[in-house]
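Accompanying notes for the structure given below.
Bear in mind that the values in this text are calculations on the coordinates, not laboratory data. Predicted model only: the values in this text are computed from it and were never measured. Don't worry about glycine lacking a Cβ; one is built from the backbone with ideal geometry, like all the others, and counts go over all protein chains shown.
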Amino acid sequence: MDFFKFEDYIENKYAYIGEFHEGLAAVRNAQNLCGYINKEGKEVIPCNYESVGDFHEGLARVQNKEGKWGYIDSTGKEAISCNYNYVGNFSESLAVVQNKEGKWDYIDRTGKKVIQCNYESVGDFHEGLARVRTKEGKWGYIDRTGKETTRSRYKFAFDFSEGLAAVINKKDKWGYIDSTGKEVIPCRYIYVENFHEGLALVTDCKNLDKLIDKQGKEVISAGDKYYALEDFNEGLVPALNKEDKWGYIDRTGKEVIPGRYIYAKGFHEGLALVTDNEGLYKFIDKDGNVRLEFTAYSSKLTVDGKTVKLKSDTKEGLTHKKLEVIKEIKKSLNNLENVVEEELNSYQKRLGSIK
């Protein structure tokens, strides 16, 4: 793909641009409506929705102007009518939906209800299991028949990824369990992420970011060279160096793309979203080449589902001065069940949605 200035093509009409999933990225325009662009920067699905999610298994969840949710395909055609209070992403051919009565169900790609739930909150299916929350506020897991496979006893739980799921115990420490419910990496961290390509980002009790393997062994540590690390994706890790610049390192800790950005996100489908010293948002490839570029008039970025303000006029970005904000966000995950419940009740905010 040849480089061109994104601002020249779309005339700065987007306030927000998401990451690419299945070849499309969600955008929000100046009228606060959402749609999708392709990797050439062309708007292929018009901005006609109040809110949208990423594409998964060929479908994306969308919210119409009446506040109801449904699904569209990659051509923009409505695949499942917008009749729900809220919906999740399709995963393993199933999606969780909240009906008009406020009850949670799972539907298939035709919109047929296949699992009826009696839980307060539910998640998407990953590796045959979905996380659920009981009326008592405890999290566990069910299988595709609706049977509980892991007893609901955790303060919060993540989806399964590469055979393991992150859970938080009653002492507010994070660890990992396998599909049988066995704790395979002890609950000793203050923050964790899911496993990707055999590695997971964790923050220890000394507030030090690390990447660990599935045995809990440290592979990469922020140590003396970096202030912070982000999640591992497609072979590279965003890393904030001591000069307050974000770059990328590989799983050995070797620098692949030098630190020169005021913020950098992980790679998805070969592209990563970064912000340069001039406040320009760019998509770069794994060689550090710019593929798309645009000037966003929005002064906000979303980090861990929380909005962090960027002062691009003073070129102040997410440097180590902003790490306190990020760390507070991470610590707040200890009480995430309350945050999630509030977001579900509003039907407007959920991690991964366009804010």
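Applying a DSSP loop filter and a limit of 16 other Cβ atoms within 10 Å to the trypsin sites (Lys or Arg not before Pro) in the stretch 136-203 leaves R144, K147, K170, K171, K182. Scalar couplings 3J(HN,Hα) for the stretch 254-259, obtained by applying the Karplus form with A = 6.51, B = -1.76, C = 1.60 to θ = phi - 60°, are 6, 6, 9, 10, x, x Hz; x denotes Gly and Pro. Close amide-amide hydrogen proximity is noted between Y49 and C34, each under 5 Å apart and 5 or more residues distant or on a separate chain (H modeled in the peptide plane; Pro and chain starts excluded). The relative contact order of the stretch 166-227, computed from alpha carbon pairs under 8 Å that lie at least 6 residues apart in sequence, is 20 percent. The loop-placed GluC sites (Glu not before Pro) in the stretch 196-258, going by DSSP, that have at most 16 neighbouring Cβ atoms within 10 Å of their Cβ come out as E197, E234, E243.
Using alpha carbon centroids, what distance separates the stretch 13-90 and the stretch 175-201, in Å? So the two Cα centres are separated by 32 Å.
When the stretch 43-199 is described by a simple charge dipole with +1 on each Lys and Arg Cβ and -1 on each Asp and Glu Cβ, the residue from S179, I107, V87 located farthest towards its positive end is S179. With the cut-off at 30 Å, tell me which of the pairs K182/K254; K147/K217; K77/K214; K100/K147; K100/K171; K77/K112 have Cα atoms farther apart than that. Checking Cα-Cα distances, K182/K254; K147/K217; K77/K214; K100/K171 exceed 30 Å.
For the stretch 87-197, the relative contact order comes to 15 percent (Cα pairs under 8 Å, sequence separation of at least 6). Annotation for the stretch 235-287: trypsin sites (Lys or Arg not before Pro) lying in DSSP loop with at most 12 further Cβ atoms inside 10 Å of their Cβ are K242, K254.
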